[in-house]
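Below is one structure, written out as structure tokens; comments come after it.
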Amino acid sequence: MLTVSVKWQKKVFEGIEIDPTLPPYVFKAQLYDLTGVPPERQKIMVKGGLLKDDADWSAIGVKDGQKLMMMGTADEIVKAPEKAIVFAEDLPEEEQATHLGYSAGLVNLGNTCYMNSTVQCLKSVPELKSALSNYALTGRSADVDQTSHMLTVATRELFGDLDRSVNAVSPTQFWMILRKKFPQFSQLQNGMHMQQDAEECWTQLLYTLSQSLKAPTSSEDSDAVKALFGVNLRSRVHCQESGEESSETESVYSLKCHISHEVNHLHEGLKHGLKGELEKTSPALGRTALYLKESLIDSLPRYLTVQFVRFFWKRETNQKAKILRKVDYPLELDIFDLCSEELRKKLEAPRQKLRDEEGKKLGLQPKSTSKDSDVKMTDAEASSKESGESSTVTQPEGGSSEKGTLHMTGIYDLVSVLTHKGRSADSGHYVAWVKQESGKWIQYDDSHPSLQREEDITKLSGGGDWHMAYIIMYKARFVSM
Amino acid sequence: MAPVPDPNNVGGGAKRDEATTKVPSKDPKKKDDKKEDDLSEEDLELKQNLELYVERVQDPNPELQKAALESMRQEIRASTSSMTSVPKPLKFLRPHYGTLKELHKNMADSDLKKLLADILSVLALTMSAEGERESLGYRLTGSGGDIGSWGHEYVRNLAGEIAEEYTMRQSEEASIEDLMDLVKQIVAFHMKHNAETEAVDLLMDVEDLDLLLAHVDRTNFRRTCNYLTSSAKFLPGPDDMLVLDIAYMIYMKFEEYPNALQVALFLDNMQYVKQVFTSCTDLLRKKQFCYMISRHGITVELDSEMVADKDDRDMLQDIVNNTKLSEGYLTLARDIEVMEAKTPEDIYKAHLLDGRASSSPSVDSARQNLAATFVNAFVNAGFGQDKLMTVPSDAASGTAGNWLFKNKEHGKTSAAASLGMILLWDVDAGLTQLDKYFHSTDNPVLAGALLGVGINNCGIKSDCDPALALLGEYVDNEDSSVRIGAIMGLGIAYAGSQNDQLRSSLSPILNDAKAPLDVIAFAALSLGMIYVGSCNEEVAQSIIFALMDRSEAQLGDALTRFLPLGLGLLYLGKQQESVEATAEVSKTFNEKIRKYCDMTLLSCAYAGTGNVLKVQDLLAQCGEHLEKGDIHQGPAVLGIAMVAMSEELGLDMAIRSLERVLQYGEQNIRRAVPLALGLLCISNPKVNVMDTLSRLSHDTDSEVAMAAIISLGLIGAGTNNARIAGMLRNLSSYYYKDASLLFCVRIAQGFVHMGKGLLTLSPFHSERLLLSPTALAGIVTLLHACLDMKSIILGKYHYVLYFIVLAMQPRMMLTVDENLKPISVPVRVGQAVDVVGQAGRPKTITGFQTHSTPVLLAAGERAELATDKYIPLSPILEGFIILKENPDYREE
């Protein structure tokens, strides 16, 4: 009889007897009583290996009083989960894209960054995308020419490709059609396609889309692009000499931010841009005279585009020179004071509501002085009367009507910035900075999308040789009432 | 009238500049002419006296001559005490040096002639032309009186001349007996007058250090040994060994056993280690020795001669076997209050990066999960608990299993093995936890379990040999992943053990024609680890044959590099003689691998020696511009770091050279440079290296960037360095799109927070004197794997990252009482100060703070007890320190 001690986990079992005539299995059974580990799960370490069930004790050379070590648990054996885990690496490319949370970049086809950044900025408008996807259904109407149709289809395809792909997309098709439609983009310089002005590309593309996306059935109302981007301006044209005054309305797709020495902020630039002088023949004077034109916004778009007028034609150098002046722009833009009187009235109530909501969020009680609520009441009445008339202010989407109508507030949030880096419009580099639905900002530098911090977005305001905002786009903030 | 040695002049480098003694000889000449008339009355009188003596010496009357010489000697002796200017008598005697010389030549042999020779010898101090060694010449013909009576400066000058004379006579094979007599006198004089460094220098010059033994005493042996051990790093072999031998003997003579043991370990001389044990009779001190051996990571079997009593021996062997390491580490962790397990997200700190929505993606990424597995393993290493792998399975119906299966295929190997890392050093708990995976039918999981056992047992030895018993039977498994798991596990568990049983089971694999290349590569590596620094012929033979058997295609495989590396590890730090034969054989290899093998052998053999010539050889290799496809420059660059890492000066030089290499080198060199920097500053985040690596981490070449990122992790390993953590966080957002680079960033983050900041990867310990061979082997293996990141770490062999476990050690100072129970005492922790060659009792630390033990020690920090109540049993306060109550302590 041998006596050994067995160490198992942190416990030591002293004085276990071994009968060398019996096979080790008996010994294991003894240990089963002590530890609860079934013999087949027991691993007993002896010199040079594990103790086998049918081994010969004498061959193993266990000595009296030796310490043995046992390993083994009665735990459940780990099993693989029945449902195999799916790994991102194994997914098809399209699903990987959705998992990333933003779409792919565009390959630069040789000085096409102006086009790439324009496309990326416009792509960030989901309404435009849905309008485009409906385009196929409506088909080409008679009054849209062939190339416009092709460009519209190409845009739709490109947007679709971008959403599906993980890797950078090459916009070859789109580019060819764009050049076909607008031959000015095919200019060559030293055998290379020239850098172009992104603003021109933006305007032309949007114009084409607005033409082709007009539903053939009803003429005016369903102009999707106009509904999204169009700003109605009411201008008062006034001639100081003759005292003539007339008013006119026009619709533009973007506001201009003029940059002069006094302009330090987007707001000032916009105000500046809405005032202008023009010369025209005065019927009263019978000659050309200087007219002052002052415009106010009459209706607000869902997406407000602002172009910084950074380039002007420099006659001496024969090229578009750039104004590097720093013009700050906010992440949240309020254009209330650029609106016409009527529009302001309409905006009062939704704005009050928005303020209250924000106040609540901050933990403040909504102002409940009787005077204020009186004003609110009358405003609300006024706006409810008028809301029926204006289709531009309330834009009920398909499903949102049952929740109550959405109202414009005149407050806009920044959603995309197209920047330019360099000294002239036809050189340098264009980059798009787009806010995703998740709230992340992505910089699309041709084929390289990269994450950016929000505070860095407002730093693109110029004043140096860094990227500076050229076209920025704001999205309207709605309040449901 | 013993001259007072100027303390400022005693210290300094290894070699004293002999020229300094002659510098003043120039200016007095000019002044003499000008100031002839400005002499003060006193000086004028002295001058006239001396002139009179000179005249009288020339007098034929020997009585008068003698009196004159005596007076002259008197004057000179009375004035040699100052060293700031040439003593006046010497100055005034200068014009007469020629006369006296002439006189001496013509004088008949007599006592008088000897007396004159003595004086001339002193005068030659300032007069003798460079290289003439007149001072020595006259000294040898002189009366040979007390050497110190002429002042310290004279002795120094003499010592310098002796060194020159010695080299000359050695080349002429002339007798040196008369010189040695003088040397004895000088050494005795120096040793008595706090000039141990000069004595040692002189003896090194005349190659007779044994003399030192006779002259050291209680008061000066510490400084002497300190100087000897530090100068050993700058000496070429085999002189360094001789110097350390002497240091060992001196320490033994004064029963300074811990230091003696340290030197013995440095020499890797088991005979000496044994001698320390047999010479010491105090059991408690022997326990302290065992702690020191266990930190060094070598296998020592205590025998009855070393410790007589069997129970005592068992207890001491337990300490050597590191069985208490886990306990001590957890004591430290509890004291610092970092027991709470951390998740990988706690390390990534994604919330600090804005724009990066921390919302976890809906789909699991295998790469990301694998990174999380490693980060989790490194961060919770040794704590025995985490939030992914050890969560009780009943709590959330098998959560542990779930995390395992969130890894893909070979990823499961690393996941299962991570359990071994989490339960590092705690063998009992580790085996219990790993047991359940042993019954898995999934081969990668089983492979991971086997590897996990190896990791778990790293540095821990046990009588039962659980790792061998459990893994042994899987070495020949038909599935190659299981085989690799077992082989690598054995390599890690038995690194440095030189276990013959393992050799007989692993060697056949190397020469098995049917074995796949990866199995062979890992077998070679494991054998290299097990026999690290042993120069074992048989293992070397097997690896050499395995290398020769490889086909052309296989030689191009990334894993083939582990074969030469395994071979190199056998000779780690053993220098030329031992590696020569193998290096010779390697010349016959296929040219694809020949140079790689050469470089690896060279760099391994000289690892940690600081040999400047080898650094130059390796630099020359990097200077060549090669055609594509040659890969041997990578190991050459790593070699620079391996050789130069041993001491501070060489280390700084290597860092500068690497910057140069980075600028002018080819791409394959640039890829290795960050890794070399990582090795040089491992767990020691130097700001300049950090900046270089940060710059390289944005390199356009992604492999350079990856290497730089991994190295950022290595230099910050276990430090929780906030700056590196911040850099890595930013890199994680910069590279969030690139899965490979992001993986590297994650691994680096895991390194930086390794063991929640309680661990170090530095292979150096005991005040940077000793180099643990197994630790270095682990790091070097990882770095070699990083040379081809894409095919190894980013491929399916990511588990080579676990080789780093060999270098993982707690960077703690834990004090225990006589019963080995932790006790808390106040200690001062501060930046270590180099006190080599400094006179008096200089402060050893600066800018210290007082803490109570256990404390963490950062790189370059040193601790000292802040209380007299206890006496530490080792002068090097690192790791486990046994404290003995001070019998003389009186409560204030």
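The values are calculated or read from the model by the stated rules, or taken from the named source; none is laboratory data. Everything numeric in this text was worked out from a predicted model, so none of it was measured. Backbone-built Cβ (ideal geometry, glycine too); neighbour counts: all protein chains shown. To get the accessible areas, we keep the full protein, side chains included, count just its heavy atoms, and leave off ligands, DNA and RNA. Shrake-Rupley method; radii C 1.70, N 1.55, O 1.52, S 1.80 Å.
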(request) Return the sequence-ordered ³J(HN,Hα) values of region B:801-809 in whole Hz as given by the Karplus equation 6.51 cos²θ - 1.76 cosθ + 1.60 applied to θ = phi - 60°, using x for Gly and Pro. (result) 4, 6, 4, 5, 4, 4, 9, 6, 9
(request) For chain B, find the longest principal axis of its Cα atoms and tell me its angle to the long axis of helix B:310-320, 0 to 90°, nearest 10. (result) 90
(message) Quick one: 3J(HN,Hα) in Hz for region B:127-136, Karplus 6.51/-1.76/1.60 with θ = phi - 60°, rounded, Gly and Pro as x.
(response) 9, 4, 6, 4, x, 7, 6, 5, 4, 5
(request) Do me a favour and compute the ellipsoid semi-axes for region A:2-71 from its Cα gyration tensor, root of five times each eigenvalue, largest one first, whole Å. (result) 16, 13, 12
(request) Run the 1.4 Å probe and let me know the accessible area of B:R811, rounded to the nearest 10 Å². (result) 40
(request) Return the calculated 222 nm mean residue ellipticity for the protein assembly as shown, to the nearest 500 deg cm²/dmol, obtained by summing -39500 (n - 2.57) across DSSP H runs with n ≥ 4 and dividing by the residue count. (result) -15000 deg cm²/dmol
(request) Report, in degrees rounded to the nearest 10, the 0 to 90 angle that the Cα long axis of helix B:722-734 makes with the longest principal axis of chain B. (result) 40
(request) Jot down the per residue volume, in cubic angstrom and as a whole number, of the convex hull over the alpha-carbon atoms of region B:812-885. (result) 86
(request) Collect residues whose amide H, placed 1.01 Å from N in the peptide plane, falls under 5 Å from the amide H of A:A289; neighbours closer than 5 in sequence don't count. (result) A:K280, A:T281, A:S282
(request) Search the structure for amide H atoms under 5 Å from the amide H of A:T405, placed 1.01 Å from N in the peptide plane, and list their residues when 5 or more places away or on another chain. (result) A:M481
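Can you pull out the trypsin sites (Lys or Arg not before Pro) in region B:153-261 whose DSSP state is coil and whose Cβ has at most 16 other Cβ atoms within 10 Å?
B:R218
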(message) Taking the solvent-accessible surface of protein heavy atoms with a 1.4 Å probe, what is the per residue accessible area of chain B in Å²?
(response) 39
(message) Could you sort A:K10, B:K869 by their accessible area in this structure, using a 1.4 Å probe and putting the largest first?
(response) A:K10, B:K869
(request) Mind grabbing the accessible area of A:C201 for me, 1.4 Å probe, Å², rounded to tens? (result) 0
(message) Using Cα-Cα distances under 8 Å and only pairs 6 or more residues apart, what relative contact order does chain B have, in percent?
(response) 9
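With the Cα gyration tensor of region B:255-321 in hand, convert its eigenvalues to equivalent ellipsoid semi-axes via √(5λ) and list them largest first in whole Å.
Working from the Cα gyration tensor, I get semi-axes of 16, 13, 10 Å.
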(request) Within region A:142-249, list the GluC sites (Glu not before Pro) lying in a DSSP loop whose Cβ has at most 10 other Cβ atoms in a 10 Å radius. (result) A:E220
(request) Any of A:K280/A:K326; A:K28/A:K63; A:K256/A:K320; A:K129/A:K320 with alpha carbons more than 23 Å apart? Name them for me. (result) A:K280/A:K326; A:K129/A:K320
(message) Let me understand region B:657-809 better: what is its radius of gyration from the alpha carbons, and its Dmax, in angstrom?
(response) 14.2, 44
(message) Quick check of the Kirkwood formula: for region B:517-579, what is the inverse mean of 1/r over all pairs of different Cα atoms, in Å?
(response) 11.5
(request) Relative to the longest principal axis of the C-alpha atoms of chain B, give the angle of the C-alpha long axis of helix B:648-664, reported between 0 and 90° and rounded to the nearest 10°. (result) 60
(request) Whenever you get a sec, line up A:F308, B:F254 from highest to lowest accessible area (probe 1.4 Å, protein heavy atoms). (result) B:F254, A:F308
(request) When you have a sec, figure out the Kirkwood radius of region B:682-755 from all distinct Cα pair distances and drop it here in Å to one decimal? (result) 11.5
(message) Rounded to whole Å, give me the distance from the Cα center of region A:430-481 to that of region B:269-315.
(response) 70
(message) Output needed: percent of Cα pairs per 10 Å distance bin for region A:303-345, bins running from 0 to the one holding the longest distance.
(response) 19, 34, 26, 17, 4
(request) Please report the buried accessible area for the interface of B with A, total over both chains, probe 1.4 Å, in Å² to the nearest 100. (result) 3400
(message) Along the charge dipole of chain B, pointing to its positive end and built from +1/-1 on Cβ of Lys, Arg, Asp and Glu, which listed residue (B:M653, B:A214, B:L112) has its Cα farthest out?
(response) B:M653
(message) Using the Kirkwood radius over C-alpha pairs as Rh, can you work out the diffusion coefficient of region B:715-794 via Stokes-Einstein at 37 °C, viscosity 0.692 mPa s, in µm² per second?
(response) 237
(message) Using C-alpha positions alone, give me the convex hull volume of chain B per residue in cubic angstrom.
(response) 210
(request) Could you list the trypsin sites (Lys or Arg not before Pro) in region B:590-650 that lie in coil according to DSSP, counting only those with at most 10 other Cβ atoms within 10 Å of their Cβ? (result) B:K628
(message) Using protein chains only and a probe of 1.4 angstrom, how many square angstrom of B:T390 are accessible, to the nearest 10?
(response) 20
(request) Report the normalised scattering of the protein assembly as shown as log10 I(q)/I(0) at q = 0.06, 0.07, 0.08 Å⁻¹, calculated by the Debye formula with identical scatterers on the alpha carbons. (result) -0.76, -0.91, -1.04
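How much of the accessible area of chain B, probe 1.4 Å, is carbon plus sulfur, in whole percent? Don't jump to the answer; show the numbers that get you there.
Working: 16700 of 34870 Å².
Taking all protein chains in place, chain B shows 48 percent carbon and sulfur surface.
Could you give the semi-axes, largest first, of the ellipsoid that matches region B:559-707, computed as the square roots of 5 times the alpha carbon gyration tensor eigenvalues and rounded to whole Å?
Numbers: eigenvalues 119, 68, 30 Å².
Semi-axis lengths for region B:559-707 are 24, 18, 12 Å.
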(message) For Cα pairs less than 8 Å apart in space and 6+ apart in sequence, what is the mean separation divided by the residue count of region B:812-885, i.e. the relative contact order in percent?
(response) 42
